[in-house]
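Written below as structure tokens is the structure these notes are about.
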Amino acid sequence: MPFYVYIIQSQKDNSFYKGFSENPYQRLAQHNNGESCYTSAKTPWLLVCLLEFVSKTDALLKERKLKKYSNASLVALIKSSQNKLLNS
């Protein structure tokens, strides 16, 4: 089973949120339904990047790194070939 790191973007203020999930589309719905305290004030959210990993460890390490990325670095990743949303 694959593991995912996702980036969502607030349609309210264009900020980004980075997270880990085994089911990123269900997780997006939870963010948009206000089920996450951290993201509930900035709904709606749009899934803008999806990274797939074979191991949970690798996915969690990548999520931790992404949380330190600048906005410019996040935009570059979103536009890169690593983004599964661009390759599907």
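The values are calculated or read from the model by the stated rules, or taken from the named source; none is laboratory data. Remember, predicted model here, so these are calculated numbers, not experimental data. Neighbour counts are summed over all protein chains in view; Cβ atoms, including those assigned to glycine, are modelled from backbone coordinates with ideal geometry. Quick note on the areas: whole protein, heavy atoms, side chains included, nothing else; ligands and nucleic acids left out. Shrake-Rupley method; radii C 1.70, N 1.55, O 1.52, S 1.80 Å.
Brief remarks on what is shown
- Computed FRET value (nearest 0.05) for SER40 with TYR69, which takes r as the C-beta separation and R₀ as 22 Å: 0.45
- Carbon + sulfur, % of accessible area of region 45-87 - ligands and nucleic acids excluded, 1.4 Å: 55 percent
- Lys, Arg +1 and Asp, Glu -1 on Cβ, resulting dipole of the chain about Cα centre, debye, nearest 20: 260 debye
- Span from the region 30-72 Cα centroid across to the region 1-18 one, whole angstrom: 4 Å
- Here the 3J(HN,Hα) profile of region 46-57, calculated from phi with Karplus coefficients 6.51, -1.76 and 1.60 at θ = phi - 60°, is 10, 6, 10, 8, 9, 10, 10, 9, 7, 10, 5, 4 Hz, Gly and Pro shown as x.
- Dividing the mean sequence gap of close Cα pairs (under 8 Å, 6+ apart) by how many residues the chain holds gives a relative contact order of 33 percent.
- Out of every Cα-Cα pair that the chain contains, those further apart than 14 angstrom amount to 62 percent.
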